[in-house]
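Taking it in order: structure first as structure tokens, then the write-up.
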Amino acid sequence: MQPSDKALVPFVSVDNMMRLIHHIGVERMITEIAAQIEDDFKRWESFDKTPRIPAHSPHGVIELMPTSDGEAYGFKYVNGHPKNTSEGLQTVTAFGLLADVYTGYPTLLTEMTMLTALRTAATSALVGKYLAPKNASTMAMIGNGAQSEFQCLAFKAMCGIDTVRLYDIESAATAKCAANLQGTGLNVLSCRSAEEAIEGAQIITTCTADKKYATILTDNMVGPGVHINAIGGDCPGKTELHRDILLRSDIFVEYPEQTRIEGEIQALDPDHPVTEMWQVITGQAEGRRDDRQITLFDSVGFAIEDFSALRYVKRAIEGTEFFEPLDMLADPDDPRDLFGMLMRAK
């Protein structure tokens with residue numbers, strides 16, 4: 001029994017996602033996903049919003065990240081297991097789904113491990129466009145794991161960075177990142193400490209994996225005028241910055257109800273003032289004011305960003321070979337006769 005068109009859902013495998021990224025180009029795809037995120041942030045108030053739904057264990061966390069704009073519904077399944085790398089596994093894996101609100105039928109199923117790396121970088125650089133010092137040319141990249149190259153290329157493409165200063169507690173990670181960035185047009189410097197990495201950097205990105213309170217940056221390391229892109233703190237009990245840095249910074253977040261649970265600001269009082277990025281993007285709040293202001297993007301990742309990435313991929317694969325139709329939905333001749341459909345398959 002052949003499935004009907006109504007039963008088929010476009011599925012983007014890891015292989016097809018990688019082919020799609022190469023077809024479009026890494027930097028172009030990051031930039032275009034960022035534009036979609038920016039457009040969706042401009043209509044922030046039209047979305048359903050909730051903190052992601054976590055299932056914590058001693059081994060890591062598994063989360064669902066749902067949202068809807070009333071016409072489409074999207075969710076991402078994502079895990080975070082820092083111990084996985086010691087077992088030859090990814091710290092983060094993900095997949096996502098987009099659906100039509102009118103029928104409830106899925107319209108896209110896709111891998112999101114690769115896609116999350118692109119959308120995280122896209123969000124960081126989009127925020128950097130609003131908050132980083134003008135004419136910034138150098139970024140310190142502290143934490144040189146799976147996300148690091150995407151971050152460097154995003155800030156190159158969208159914020160004009162031409163130099164990256166790399167540091168990781170594991171020198172092999174820095175060597176890996178430096179090798180991967182050869183030929184991209186970036187001046188890549190490998191550093192022996194976080195202090196060395198931030199020398200001369202106008203943008204500081206922290207992206208480490210340990211699931212614990214940590215002090216990647218101490219207060220004396222952060223001078224006036226920098227933009228801190230803090231993307232490593234993303235679950236309860238996991239931070240990267242000394243509390244005093246937060247107290248000296250103007251803090252910008254995606255969704256406060258989630259960031260206060262998971263982000264750097266879990267170290268602060270529950271009513272500590274923060275600014276929501278959608279308000280900066282729509283002109284309702286101020287971003288960078290002057291050359292001495294320290295701006296801090298306390299990024300934990302939010303479902304609307306994944307929704308934007310899903311919508312982007314759905315459009316990008318139209319008319320291409322970078323997906324396969326997946327027989328995912330039952331489609332009986334009579335919608336009330338599901339058992340009859342089963343019997344006809346004998």
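Every read-out reported here was derived from the displayed coordinates using simple, explicitly stated rules and does not represent laboratory data. Note that this is a predicted model, so its numbers are computed, not measured. Reconstructed Cβ throughout: ideal geometry from the backbone, glycine too, with neighbour counts over all protein chains shown.
For this structure, a couple of remarks:
- Antiparallel beta bridges, as assigned by DSSP with both residues in the chain, represent about 50 percent of the total such bridges.
- Loop-located trypsin sites (Lys or Arg not before Pro) in the stretch 281-331 (DSSP state not H, G, I, E or B) with no more than 15 neighbouring Cβ atoms inside 10 Å: R289, R292.
- Between 0 and 90°, nearest 10: helix 26-41 axis offset from the chain longest Cα axis: 80
- Helix-only mean residue ellipticity at 222 nm for the chain, each DSSP H run of n ≥ 4 adding -39500 (n - 2.57), per residue, nearest 500: -9500 deg cm²/dmol
- Counting only DSSP beta bridges whose two residues both lie in the stretch 122-302, roughly 5 percent are antiparallel.
- Less than 5 angstrom separates the built amide H of A72 from those of V101, all sequence-distant by 5 or more or on a different chain.
- Per-bin percent of Cα-Cα distances, the stretch 251-346 [10 Å]: 12, 25, 19, 17, 14, 10, 3, 0
- Pairs beyond 32 Å (Cα-Cα), from K42/K176; K42/K238; K76/K129; K76/K156; K42/K83: K42/K176; K42/K83
- For the stretch 122-302, the relative contact order works out to 23 percent when only alpha carbon pairs closer than 8 Å and six or more residues apart are counted.
- Working note: Debye formula, equal point scatterers on the alpha-carbon atoms of the stretch 122-302, no solvent; log10 I(q)/I(0) at q = 0.19, 0.20 Å⁻¹ is -1.30, -1.44.
- Against the chain, whose longest principal axis comes from its Cα atoms, helix 171-180 is set at around 70 degrees.
- For the stretch 318-332, the Karplus equation 6.51 cos²θ - 1.76 cosθ + 1.60, evaluated at θ = phi - 60°, returns couplings of 4, x, 10, 9, 8, 7, 9, x, 9, 6, 10, 10, 5, 9, x Hz by residue, with Gly and Pro reported as x.
- Cross-link reach is defined here as a Cα-Cα straight distance under 20 Å, omitting same-chain residues fewer than 8 places apart; for K346 the aspartates and glutamates meeting it are D327, D331, D333, D334, D337.
- Overall, the stretch 200-346 carries a charge dipole of about 200 debye about its Cα centre when +1 sits on the Cβ of Lys and Arg and -1 on the Cβ of Asp and Glu, all other atoms neutral.
- Net charge dipole size for the stretch 284-324 [Lys, Arg +1 and Asp, Glu -1 on Cβ; Debye, nearest 20]: 160
- Charge sum, other residues only, whose C-beta stays under 13 Å from R165's C-beta, Lys/Arg counted +1 and Asp/Glu -1: -4
- Cα centre as origin, Lys/Arg/Asp/Glu Cβ charges: the chain dipole, Debye: 440
- Degrees between helix 148-159 axis and first principal axis of the chain (Cα, 0 to 90, nearest 10): 80
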